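Asker: After the structure tokens below, expect a handful of questions from me.
The values are calculated or read from the model by the stated rules, or taken from the named source; none is laboratory data. Treat the numbers as computed from the prediction; the structure is a model and nothing was measured. Cβ atoms come from the backbone with ideal geometry, glycine included; neighbour counts cover every protein chain shown. Side chains included, ligands, DNA and RNA excluded: accessible areas come from the protein's heavy atoms. Shrake-Rupley method; radii C 1.70, N 1.55, O 1.52, S 1.80 Å.
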Amino acid sequence: MLLAISQWFVTAAPTSQEAANVTLFSRLLASERHGNYGNYTTEDVECQEVGKVNVSLRCEFIRSTPDCSDSDGYIGYLDGAFCSFPPPLFPLAIFLYALWLLYLFIILAVTAEKFFCPNLSAISRTLRLSHNVAGVTFLAFGNGAPDVFSAVAAFSDSRTAGLAIGALFGAGVFVTTVVAGGIALVKPFTAASRPFLRDIVFYIAAIFLTFYVLYQGYITLPVVLVYLLMYVAYVLVVVLSTWIYQRMRHQSLAAPILSQPDLLTDNEEPRDSTPHGSEFGDEYRPLIPVQLGTWQIFLQSLNPVDARKWRQKPWHWKILKVAKFPIEVLLRISVPVVDPDKEDLNWQRPLNCIQLITGPLLCVFCLNSGTYALYLIQGTMPIWALLLIIGTPLAVVIFFTTKNDQPPKYYFLFSFFGFIASALWISAAATEIVNLLRTFGVVFRLSNTVLGLTLLAWGNSIGDFVSDLTLARQGYPRMAFSACFGGIIFNVLIGVGLGCLLQMGPSKTVLQLDAHGLLVWILAGGLGISLVFSLVFVTLQCFHLRRAYGIALLVLYVVFLIVALLTEFGIIKLET
């Protein structure tokens, strides 16, 4: 692949079919240097055409074409690839970008798993929400945070709207075929009929609404509100149907009812699992409590690696742990985690006090790529300095008014602080992923839609794949199967609705979606076919899911992916 990239990049002479475009680009660049554009404008040139420009002019083309400008993000990936690296080292730049993309997905996974979801669980317990309400609200938000924030980041720019649609639809196809099929292959079972029919009907309705929006080519404010209200209706249906079902069972059975939530929650883990964010099993807990000093508590709470557990793990686990070590330390020092499963609620006095200083600083630097943090109040004091002045005395007061072994009564407020901080971390990482994928689309001349349904969808869904299949092996296939359809509803409705709503703002009521083409319809059709197939097949089989169903879903995904890629590369075309 690197050889192919190198051959593509060092090609200095364009083909005869590209001569007109090269002439246009050359005139554009020459006219810009002289400040006179004449009848030409760079507004009409797409960034993907950089491959048709001579090597010596590609850096200038990137910097002078508006379509190549990065709307947000910390790193200018296109400028770095075409201007910072000399032409012979261009394959090295792409290789480093691929490694950085992989690490960004690791950041998303670590933040969501060890910081975002535990704080959401603590908030749901603080508010005393039932399992079903928590499952379709806070739990769905926790599981779908990477998808939702990636969609919001992609919708922030009309050029990457196709990336958001491709990611949401691509993740939907992947989860409802590969993940659901894998569960049926690992553990054949009988699905819960009521939750399955409820979830799949709402999911099909959400997909057809999105299909209508894509057909129009734009989305209006009323349609955006329909997305959000549809999810509110879904939550109400879940709560109401659960209440009716339990009431009927109470009337028909004299024995006490052990209700089981439809969606997987954090409390439904196997009994031998450890609490959220804990790296220690029961065998590592000392028989006699050890009183640690303040400095020892700080060092222990900041270290994400346990020495005894390290010796027992295989080499690949150690490599991944070393890769995650810097980001875990940075997250621990800035994001508090309240764990209701622990007796002390994960209260770590010195670290929690420092988080009151570092947390707001890193949060404000995550907003709009740090632009807000550098904003000067009345032209004199930056916002980050004001937060530092406020946070430092607050941390000192809490430190001297609390104890190491007893959390304060207001400690539950740290879960809301951790929720906001981890959400901003995820949003910043998702924005970088979107910008980086757009760079790959420019380099390899791939559409944002195909990047969304492949790289972005796989990266955001790999966690669901691993967790759901692990849950099925441990004897909970019904919960894992319900999560495949119930969790994705949140991603589509909130991802599209919230992303478009934030992009519209107070004065804009119509948002154009640059998502036309045959590939988008194949994507929507593939997801619709997979949902209808599951609805018909599962119903005809009386909700008994066997391995044949799993094999059929895997074959369906392979066919869908082949057709999508053939369409992207122009082998399958729409006759006009």
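Asker: Determine, for each peptide in 175-182, 49-56, 237-244, the mean count of other beta carbons within 10 angstrom over its residues, then list the peptides with the highest first.
Answerer: Those peptides, ordered most packed to least, come out 175-182, 49-56, 237-244.
Asker: Follow-up question, since we're still on this one. Give the carbon-plus-sulfur fraction of the accessible surface of region 290-413 in %, rounded to a whole number; probe 1.4 Å, heavy atoms of protein chains only.
Answerer: Percent of accessible area from carbon and sulfur atoms in region 290-413: 68.
Asker: What ranking of LEU556, LEU330 comes out by heavy-atom accessible area, probe 1.4 Å, highest first?
Answerer: Descending order: LEU330, LEU556.
Asker: Compute the signed sum of charges (Lys and Arg +1, Asp and Glu -1) over the other residues within less than 11 Å, Cβ to Cβ, of ALA184.
Answerer: Net of charged neighbours comes to +3.
Asker: Let me ask another. Ranked from the most accessible area to the least, with a 1.4 Å probe and all protein chains present, what is the order of LEU436, LEU502?
Answerer: Accessible-area ranking of LEU436, LEU502, largest first: LEU502, LEU436.
Asker: What's the local net charge at GLN355, with K and R +1, D and E -1, over the other residues with C-beta under 12 Å away?
Answerer: Here the charged neighbours net out to +2.
Asker: For region 403-452, report the accessible area per residue in Å² (1.4 Å probe, heavy atoms, rounded to an integer).
Answerer: On a per-residue basis, 35 Å².
Asker: Based on the mean of other Cβ atoms within 10 Å per residue, sort peptides 81-93, 409-421, 365-377 so the most packed one is first. Intermediate results must be reported in sequence, preceding the final value.
Answerer: Values: 81-93: 16.7, 409-421: 18.3, 365-377: 14.8.
Averaged packing, sorted descending, gives the order 409-421, 81-93, 365-377.
Asker: Okay, next question. Percent of accessible area on region 44-130 owned by carbon and sulfur, 1.4 Å probe?
Answerer: Solvent-exposed carbon and sulfur of region 44-130 make up 61 percent of the total.
Asker: Okay, moving on. Given points 7 Å out from each Cα along the Cα-Cβ axis, report the VAL397 to TYR375 separation in nanometres with one decimal.
Answerer: Here the modelled spin labels are 2.5 nm apart.
Asker: Right, something else. Considering the options LEU345, GLN312, LEU361, tell which one lies farthest towards the positive end of the dipole of region 311-367, charges being +1 on Lys and Arg and -1 on Asp and Glu at the Cβ, about the Cα centre.
Answerer: Value: GLN312.
Asker: Is the shape of region 298-380 rounded, prolate or oblate, going by the alpha carbon gyration tensor and its root eigenvalues a ≥ b ≥ c, with a/c under 1.5 for rounded and a/b larger than b/c for prolate?
Answerer: oblate
Asker: If one computes the Cα centroid of region 301-354 and of region 361-429, what distance in Å separates the two points?
Answerer: 20 Å
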